[in-house]
């Protein structure tokens, strides 16, 4: 027998009344409210939500005691770094060129460089041939997408791309390769593989040979590999935590060292640097600008919310251990980090039909970013835009992003 929502709620109320003598009316009401909320956490939801709602966000720039932007930024930035639980020693990048290809109007380099004593990272660098050098530099940060076989290739145009990769770009990037779009506008561009993606994906001893060469994988093998990678992602995150560090720390320090390397290139004007990304690439772009003052303009697409609004139903596919900064919400919400970017420029874009983020969380985040920039005296250097779109970086969004970058770099 199926029940209407009204009948279901009436039965819940009856259950709550029956439970009152044993558990007390307050506890019974809390259970009924929790079950009616349709939260993924069921009856545990009220407790978790109350903890978030009680957070003092004690380092928010919007608190009345936070008056001097530079002094506040020094304290807040240090707190973010502290909660990454990862601070690798500085190391020379020692780049090694794998190949250099003339693409007509730009040169494409595939190389590796050192980000820490323990990590050598593969990267593409694109250098425009028709721009005055040194030119502005752009870091392009690829997405998560539940699509692990490729990382940097999601944003770089290559010959003979796999059908699965082309389909992915059509769905999430309007068929465009972001680095190629930017190099043709005169920027020197870099894109790396994020830890666990592309050439840095997790391989096991008994994996079939095809897993070691994405271009040779069938569609079925790609699906199987992505499923395995998704299932193992939290294992890797927990293993890093067991080792005393966070996955977010590994990701963000790789991105900072990528900026180091890009700024060191003779073709790059180190005074004019920016970053852009979709999804977790947008998160990385926002955090890179917050943590490194050399970024003059950042574009964050498809990754903005107020964390407390996510708890009811929007944690599952968003706030994973992969890029969560433990304990930070006691001090700062995600949009509070905008004040670490101010007065430098930031553009934040979300889709109104993006199921990853609670709509009220996006609205609250946009409002807070605007307030942070107003308090910092840089109102015109931030823009938050909501498109009638799903989780993607479509052509209309790209046009706005490129205009914004040109304006500030």
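The values are calculated or read from the model by the stated rules, or taken from the named source; none is laboratory data. Since the structure is predicted, the reported quantities are computational estimates derived from the model, not experimental observations. Note that each Cβ is placed from the backbone with ideal geometry, even for glycine, and that neighbours are counted across all protein chains shown.
Given the criteria in a helix (DSSP H, G or I), in contact with a helix residue (DSSP H, G or I) (Cβ under 6 Å, 6 or more places away or on another chain) and surrounded by fewer than 24 Cβ atoms within 10 Å (Cβ to Cβ), does residue 157 qualify? Explain how you work it out, then say what you get.
Values: in a helix (DSSP H, G or I): no; in contact with a helix residue (DSSP H, G or I) (Cβ under 6 Å, 6 or more places away or on another chain): yes; surrounded by fewer than 24 Cβ atoms within 10 Å (Cβ to Cβ): yes.
No: the conditions fail for residue 157.
With the condition kept exactly as written, say whether any residue in segment 118-131 is closer than 25 Å to residue 403 by Cα, touching a residue at least 40 places away in the same chain (Cβ under 8 Å) and not in a strand (DSSP E or B).
Step one: filter segment 118-131 for residues closer than 25 Å to residue 403 by Cα, giving 124-131.
Cutting the leftovers down to touching a residue at least 40 places away in the same chain (Cβ under 8 Å) gives us 124-128, 130-131.
This time we only want the ones that are not in a strand (DSSP E or B), so: 130-131.
Taking every residue of segment 118-131 in turn, at least one turns out to be closer than 25 Å to residue 403 by Cα, touching a residue at least 40 places away in the same chain (Cβ under 8 Å) and not in a strand (DSSP E or B).
Residues that are more than 30 Å from residue 58 (Cβ to Cβ), at pLDDT 95 or above and assigned to a helix (DSSP H, G or I): does segment 79-95 have at least one?
no
Would you mind stating whether residue 281 is farther than 23 Å from residue 357 by Cα and either at pLDDT 95 or above or in contact with a strand residue (DSSP E or B) (Cβ under 7 Å, 6 or more places away or on another chain) (or both)? Can you show your working first?
Numbers: farther than 23 Å from residue 357 by Cα: no; either at pLDDT 95 or above or in contact with a strand residue (DSSP E or B) (Cβ under 7 Å, 6 or more places away or on another chain) (or both): yes.
No: the conditions fail for residue 281.
Restricting attention to segment 173-189, does a residue exist that is in contact (Cβ under 8 Å) with a residue 24 or more places away in the chain, closer than 25 Å to residue 318 by Cβ and in contact with a helix residue (DSSP H, G or I) (Cβ under 6 Å, 6 or more places away or on another chain)?
Taking segment 173-189 and keeping what is in contact (Cβ under 8 Å) with a residue 24 or more places away in the chain, we get 173-174, 176, 178-189.
Those left that are additionally closer than 25 Å to residue 318 by Cβ: 173-174, 176, 178.
Filter once more, so that each one left must be in contact with a helix residue (DSSP H, G or I) (Cβ under 6 Å, 6 or more places away or on another chain): 174, 178.
Yes, some residue in segment 173-189 is in contact (Cβ under 8 Å) with a residue 24 or more places away in the chain, closer than 25 Å to residue 318 by Cβ and in contact with a helix residue (DSSP H, G or I) (Cβ under 6 Å, 6 or more places away or on another chain).
So, in segment 78-105, exactly how many residues are touching a helix residue (DSSP H, G or I) at 6+ places or on another chain (Cβ under 6 Å) and either closer than 30 Å to residue 129 by Cα or surrounded by fewer than 17 Cβ atoms within 10 Å (Cβ to Cβ) (or both)?
Adding up the residues that qualify gives 1.
Anything in segment 260-271 that is surrounded by fewer than 21 Cβ atoms within 10 Å (Cβ to Cβ) and outside any helix (DSSP H, G or I)? List them, or say none. Outline the logic, then answer.
Pass one, segment 260-271, residues surrounded by fewer than 21 Cβ atoms within 10 Å (Cβ to Cβ): 260, 263-267, 269-271.
Matches in segment 260-271: 265, 266, 267, 269, 270, 271.
Just checking: which of the helices (runs of 4 or more DSSP H) contained wholly in segment 285-392 hold 2 or more residues that are buried (at least 22 other Cβ atoms within 10 Å of the Cβ) and touching a residue at least 40 places away in the same chain (Cβ under 8 Å)?
So the answer is 338-341, 359-375.
Among 168, 195, which is within 16 Å of the chain's Cα centre (by Cα) and at pLDDT 95 or above? Steps first, answer last, please.
Numbers: 168 fails: within 16 Å of the chain's Cα centre (by Cα).
None of the other options fit; the residue is 195.
Going by the structure shown, is residue 65 in a loop (DSSP other than H, G, I, E, B), loosely packed, with under 13 Cβ neighbours inside 10 Å, at pLDDT 95 or above and more than 29 Å from the chain's Cα centre (by Cα)? Don't jump to the end; show me each part of the working.
Numbers: in a loop (DSSP other than H, G, I, E, B): yes; loosely packed, with under 13 Cβ neighbours inside 10 Å: yes; at pLDDT 95 or above: yes; more than 29 Å from the chain's Cα centre (by Cα): yes.
When the stated conditions are applied, residue 65 passes them.
Among 194, 202, which is touching a helix residue (DSSP H, G or I) at 6+ places or on another chain (Cβ under 8 Å), in contact (Cβ under 8 Å) with a residue 12 or more places away in the chain, outside any helix (DSSP H, G or I) and surrounded by fewer than 24 Cβ atoms within 10 Å (Cβ to Cβ)? If you could, list the steps in order and put the result at the bottom.
On the way: 194 fails: surrounded by fewer than 24 Cβ atoms within 10 Å (Cβ to Cβ).
After applying the criteria, what remains is 202.
What pairs come out if I take residues in segment 70-82 that are free of Cβ contacts under 8 Å to residues at least 24 places away in the same chain and pair them with residues that are not in a helix (DSSP H, G or I) whose C-beta lies under 7 Å away, six or more apart or interchain?
Hits for this filter: 75/59.
Kindly establish whether residue 257 is closer than 30 Å to residue 385 by Cβ and surrounded by fewer than 22 Cβ atoms within 10 Å (Cβ to Cβ). Before you say what the answer is, go through the steps one by one.
On the way: closer than 30 Å to residue 385 by Cβ: no; surrounded by fewer than 22 Cβ atoms within 10 Å (Cβ to Cβ): yes.
Taking the combined requirement at face value, the residue does not satisfy it.
Being out of contact with any strand residue (DSSP E or B) (no Cβ under 7 Å at 6 or more places or on another chain), in a loop (DSSP other than H, G, I, E, B) and under 22 Å from residue 403 (Cβ atoms) is the requirement here; does residue 169 meet it?
On the way: out of contact with any strand residue (DSSP E or B) (no Cβ under 7 Å at 6 or more places or on another chain): yes; in a loop (DSSP other than H, G, I, E, B): no; under 22 Å from residue 403 (Cβ atoms): yes.
No: the conditions fail for residue 169.
Within segment 212-240, how many residues are loosely packed, with under 14 Cβ neighbours inside 10 Å and in contact with a helix residue (DSSP H, G or I) (Cβ under 8 Å, 6 or more places away or on another chain)?
3
Could you check residue 252 against (1) farther than 15 Å from residue 151 by Cβ; (2) touching a helix residue (DSSP H, G or I) at 6+ places or on another chain (Cβ under 8 Å); (3) assigned to a loop (DSSP other than H, G, I, E, B) and say which number it fails?
(3)
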